[in-house]
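Here is the structure we will look at, set down as structure tokens.
The values are calculated or read from the model by the stated rules, or taken from the named source; none is laboratory data. Just so you know, these numbers come straight off a predicted model, no measurement behind them. Heads up, the Cβs are rebuilt from the backbone with ideal geometry, glycines too, and the neighbour counts pull from every protein chain shown.
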Ligand SMILES: [Zn+2]
């Protein structure tokens, strides 16, 4: 059932950067406290990763990319979709965390390559934690 086709093409350097980032996140007590529920995992496996990737893109584009976010810091729920959990776990939940962890500055629109990196990070975390 699980579809693993992805439009996220990362080169070797980007992959290495992504895995180093995940390793640092794992060391954070707060970030590593986020876990997928059984319901999240069922949803993931039911939808397949290519659909989840589309969902992740939609969330990032609408909730994170705009330069001006009046609810920044509160836009990502703590349950309801596996991508939300992954966003908290990967510090891609708001522009403040994006700046702190990923050095992506606030108050400007995200670049397409930044959106791609964020989605790739979320998907990788979901794959690692879907066991
Ligand atoms: Zn945040």
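What to note about this one:
- Residue 96 falls short on exactly one of the conditions (1) assigned to a helix (DSSP H, G or I); (2) closer than 22 Å to residue 131 by Cα; (3) free of Cβ contacts under 8 Å to residues at least 40 places away in the same chain; (4) within 13 Å of the ligand (Cβ to nearest atom), and that condition is (2).
- Here the condition is being touching a residue at least 60 places away in the same chain (Cβ under 8 Å) and touching a helix residue (DSSP H, G or I) at 6+ places or on another chain (Cβ under 9 Å); of 41, 79, 47, it holds for 41 alone.
- Residue satisfying all of: in the range 61-82; buried (at least 19 other Cβ atoms within 10 Å of the Cβ) and more than 14 Å from the ligand (Cβ to nearest atom); farthest from residue 122 (Cα to Cα) among these: 65
- Residue match in the range 43-58 (condition: exposed (fewer than 13 other Cβ atoms within 10 Å of the Cβ), assigned to a loop (DSSP other than H, G, I, E, B) and more than 15 Å from the ligand (Cβ to nearest atom)): no
- Counting only residues that are over 19 Å from residue 90 (Cα atoms) and surrounded by 11 or more Cβ atoms within 10 Å (Cβ to Cβ), the range 8-42 holds 2 of them.
- Residue 109 being out of contact with any helix residue (DSSP H, G or I) (no Cβ under 9 Å at 6 or more places or on another chain), more than 16 Å from the ligand (Cβ to nearest atom), assigned to a helix (DSSP H, G or I) and modelled with pLDDT of 95 or more: no
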